[in-house]
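**Student:** Pasting a structure here, questions to come.
Values quoted throughout were computed directly from the atomic coordinates according to the rules given, and no laboratory measurement underlies them. It should be emphasised that the depicted structure is a prediction, and the values quoted were computed from it without experimental measurement. Quick reminder, even Gly has a Cβ in these numbers, built from the backbone with ideal geometry, and neighbours come from all protein chains shown.
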Amino acid sequence: MKQEKSRGIVNKKARRRIVGFDIDGVLTDEMADGKNIWQREIEAYFPGIQLLEPDFAFTAAFGLSLEEVDKFMEEKAPEVFRKVKPQRGSREFIRYLQDAGFTVYFITARWPRYEEITREWLAHHGFRPSALWFTEDKGPLCKELGIEIFVDDYWENCLDIRAHGVRALLMSAPHNLGCPEEKGIYRVENWDEIRAHVLEYYGLSTWESGKISGTSAL
Ligand SMILES: [Mg+2]
């Protein structure tokens, strides 16, 4: 009975509370010692190669052929996926959300062949999503899953996500700095800004008060 009563006053946003996150460039901190971890690996793999311009695609960024990128990914991606570090504050905030009753999904465009490595990395760093998906078509999946806010660093994904009625947060990265902020797409620089945006969207109290009330994990 108590539940029935409280359910009546809970608004729509509070009932659902489903958020989603990309992995690479959002959960992962691609900057290591001042240089992007992929750039570092590509420069080591292709001696003499230089970054032409920041671009989401390695082909455009480094003037590589698709075959060269495929060969590089085949040999080096597993190592990068294993050693990359999570972004500061990511795990703590996701745990906070889950403790507060949110459903948290991760959607990555990594190839499904990297599922095992990805799951190991997530577990190793303390991430426990409700589900993990491997697809490039993030917009339709976000809609289908009922996700209300999704964070991604790829501009095209944000456009797709917004087109499906989902609020997109664009995590800043060198390859998206030229993309303008548009209605329904909000640029964030780090997990402090993700946290502030999500808390405000759901009308939640501050991060600190969440901690005091004991909803923060570890
Ligand atoms: Mg990404």
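**Student:** Quick check: residue separation of Ala196 and Ala44 times 0.36 nm, minus the Cα distance between them. What number comes out in nm?
**Tutor:** 50.9 nm
**Student:** Please compute the net charge surrounding Gly126, taking Lys and Arg as +1 and Asp and Glu as -1 over other residues with Cβ under 11 Å from its Cβ.
**Tutor:** +2
**Student:** Still on this model: Among DSSP bridges having both ends in the chain, what percentage is antiparallel? Round to the nearest 5. Mind dumping the intermediate values first?
**Tutor:** On the way: 4 of 23 bridges.
Roughly 15 percent of the beta bridges in the chain run antiparallel, per DSSP.
**Student:** What number, in percent, do you get for the relative contact order of the chain if the mean sequence gap of Cα pairs under 8 Å and at least 6 apart is divided by its residue count?
**Tutor:** Once normalised by length, the contact order is 23 percent.
**Student:** Mind pulling the angle between the C-alpha long axis of helix 115-124 and the longest principal axis of the chain? Nearest 10 degrees, somewhere in 0 to 90.
**Tutor:** Here the helix axis deviates by roughly 60 degrees.
**Student:** Along the charge dipole of the chain, which of Tyr201, Pro54, Val151 sits closest to the positive end, that is, farthest toward it, with unit charges on the beta carbon of Lys, Arg, Asp and Glu (+1, +1, -1, -1)?
**Tutor:** Tyr201
**Student:** Another question about this same structure. How far is it, in nm, from the label point at Lys85 to the one at Glu67 when both lie 7 Å from their Cα along the line to the Cβ?
**Tutor:** 3.8
**Student:** Roughly how big is the chain's charge dipole about its Cα centre, with Cβ charges of +1 (Lys, Arg) and -1 (Asp, Glu), in debye to the nearest 20?
**Tutor:** On the way: 30 positive and 36 negative charges, 320 e Å.
Using Cβ point charges on Lys, Arg, Asp and Glu, the chain gives about 1540 debye.
**Student:** Please build a GNM for the chain, connecting alpha carbons under 10 Å apart, and tell me which residue among Trp155, Trp111, Trp121 fluctuates the most.
**Tutor:** Trp111
**Student:** Right, another one. Work out the P(r) tail for region 19-72: percent of alpha carbon pairs separated by more than 15 Å, whole number.
**Tutor:** 52
**Student:** Can you tell me the 0 to 90 degree angle between the C-alpha axis of helix 90-99 and the longest principal axis of the chain, rounded to 10?
**Tutor:** So the inclination is approximately 30 degrees.
**Student:** Same structure, new question: May I ask you to compute the full-extension gain from Glu144 to Ser172, defined as 0.36 nm times their residue separation minus their alpha-carbon distance, rounded to one decimal in nm?
**Tutor:** Full extension of this stretch gives 7.5 nm more.
**Student:** I need Arg195, Arg40, Arg88 ordered by Cβ neighbour count within 10 Å, fewest first.
**Tutor:** Fewest-to-most Cβ neighbours within 10 Å comes out as Arg88, Arg40, Arg195.
**Student:** So if I place +1 on the C-beta of Lys and Arg and -1 on the C-beta of Asp and Glu, and nothing else carries charge, what would the dipole magnitude of region 32-83 be about its Cα centre? I want it in debye, nearest 20.
**Tutor:** For region 32-83, the charge dipole is close to 240 debye.
**Student:** Something else about it: Sorted from largest down, give the three principal axis spans of the alpha carbons of the chain, whole angstrom values.
**Tutor:** That works out to 68, 36, 29 Å along the principal axes.
**Student:** On to the next question. Which one of Gly25, Val84, Ile94 is farthest out on the positive end of the charge dipole of region 8-109, using unit charges on Cβ (Lys, Arg +1; Asp, Glu -1) and the Cα centre as origin?
**Tutor:** Value: Ile94.
**Student:** With just the Cα atoms defining each centre, how far is region 151-199 from region 30-94? Give it in Å.
**Tutor:** 21
**Student:** Next up: If Lys and Arg each add +1 and Asp and Glu each add -1, what is the summed charge of the other residues whose beta carbon sits under 12 Å from the beta carbon of Ile23?
**Tutor:** Neighbour charge sum, excluding Ile23 itself: -4.
**Student:** Counting only helical runs of four or more DSSP H residues, what would the 222 nm mean residue ellipticity of the chain come to if each run contributes -39,500 (n - 2.57) and the total is spread over all its residues?
**Tutor:** Mean residue ellipticity at 222 nm (helix-derived): -13000 deg cm²/dmol.
**Student:** Residues with beta-carbon under 14 Å from that of Gly139, excluding Gly139: net charge, scoring Lys, Arg +1 and Asp, Glu -1?
**Tutor:** Once all neighbours under 14 Å are counted, the net charge is -4.
**Student:** What length, rounded to one decimal in nm, is gained on full extension from Arg119 through to Ala32, with 0.36 nm per residue of separation minus their alpha-carbon distance?
**Tutor:** 29.1 nm
**Student:** Treat region 44-161 as a sphere of radius equal to its Kirkwood radius over Cα pairs and apply Stokes-Einstein at 10 °C in a medium of 1.306 mPa s; give the translational diffusion coefficient in µm²/s, rounded to a whole number. Mind showing how you got there, number by number?
**Tutor:** Details: Rh = 16.3 Å.
The Stokes-Einstein estimate is 98 µm²/s.
**Student:** Still on this model: On C-alpha positions alone, give me the angle between the axis of helix 191-201 and the longest principal axis of the chain, in degrees, nearest 10.
**Tutor:** Its long axis makes an angle of about 40 degrees.
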